[in-house]
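The values are calculated or read from the model by the stated rules, or taken from the named source; none is laboratory data. All of these numbers come straight from a predicted model, not from anything done at the bench. Because the Cβ atoms are built from the backbone with ideal geometry, glycine has one as well, and the counts that use them run over all protein chains shown. Quick note on the areas: whole protein, heavy atoms, side chains included, nothing else; ligands and nucleic acids left out. Shrake-Rupley method; radii C 1.70, N 1.55, O 1.52, S 1.80 Å.
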Amino acid sequence: RDVDLRGKRVLLRVDYNVQVSDGRIVDDLRLVESLPTIRALRDAGACTVIISHRGRPKGVTPELTNAPVAHHLTQLLGLPVQTASDCVGPEIEAQTRAMQPGDILMLENVRFHDEEEENDEAFSLALSRLGDVYVNDAFGTAHRAHASTVGVTKHLPAYAGLLMEREVDYLSRVTENPDRPFGIVLGGSKVSDKIGILENLVANADVICI
């Protein structure tokens, strides 16, 4: 809402790390929740270039391609979502520059490149060449210092997406002035991530279920 996006290429970081079975999305909640931001960008006349990762590939891993995600997003939006063969490089840059206002392009899995998780400077710069403005709508990956979440912001003006805004507003309400009784249900395999959450919320919580 704070920038004129007409005719701009918007590099939109989303969290589409979803499970695919037989070419179909198992649970599309993450895609559905990103739709307001994508529609807002389109209504503003932007060219939307979507960045996401899937899984933890070791180099190019065909079963972790973003192609089925782009196909499902096309169905959800009722609009064509183009796909790219990679997420960086002169060919992809040319593809983004050929886009028209309202067009949507999904890049290939950004983690096919090791430089993504290394927050490599050259890779960050290569990503930034695909857009004029950066929008982060990937709350679930915003804590990671990767090229597509941190590195690219050194080269482009950066903004929060509508889903990111909603998540931060909700989390702020819960942590600063929660309704009572306040219970936390915590799951997931990466315990190191959860310890930080508990350290911040344990004093506020009435019940914690792990």
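Evaluated against (1) out of contact with any Gly (no Cβ under 9 Å at 6 or more places or on another chain); (2) more than 22 Å from Pro101 (Cβ to Cβ); (3) open to solvent by 90 Å² or more (accessible area, probe 1.4 Å); (4) of a type outside the set (D, E, K, R), Pro80 falls short on exactly one condition, (2). Applying the criterion of being in a loop (DSSP other than H, G, I, E, B) and under 16 Å from Thr141 (Cα atoms) to the residues of segment 182-204, the residue that is least open to solvent (accessible area, probe 1.4 Å) is Gly188.
The condition (being farther than 24 Å from Leu163 by Cα, in contact with a helix residue (DSSP H, G or I) (Cβ under 9 Å, 6 or more places away or on another chain), among the small types (Gly, Ala, Ser) and in a helix (DSSP H, G or I)) is satisfied by just one residue among Ala94, Ala122, Ala126: Ala126. With respect to Ala160, is the statement that it is aliphatic (A, V, I, L, M), surrounded by fewer than 19 Cβ atoms within 10 Å (Cβ to Cβ) and under 21 Å from Arg111 (Cα atoms) true? For Ala160, the condition - aliphatic (A, V, I, L, M), surrounded by fewer than 19 Cβ atoms within 10 Å (Cβ to Cβ) and under 21 Å from Arg111 (Cα atoms) - is not met. Go through the residues of segment 178-200 one by one and say whether even a single one is among the acidic types (Asp, Glu), more than 30 Å from Arg97 (Cα to Cα) and in contact with a His (Cβ under 9 Å, 6 or more places away or on another chain). Yes; the residues of segment 178-200 include at least one that is among the acidic types (Asp, Glu), more than 30 Å from Arg97 (Cα to Cα) and in contact with a His (Cβ under 9 Å, 6 or more places away or on another chain). Would you call Thr48 open to solvent by 20 Å² or more (accessible area, probe 1.4 Å), free of Cβ contacts under 8 Å to residues at least 60 places away in the same chain and of a type outside the set (Lys, Arg)? Here the answer is no, as Thr48 does not meet what is asked.
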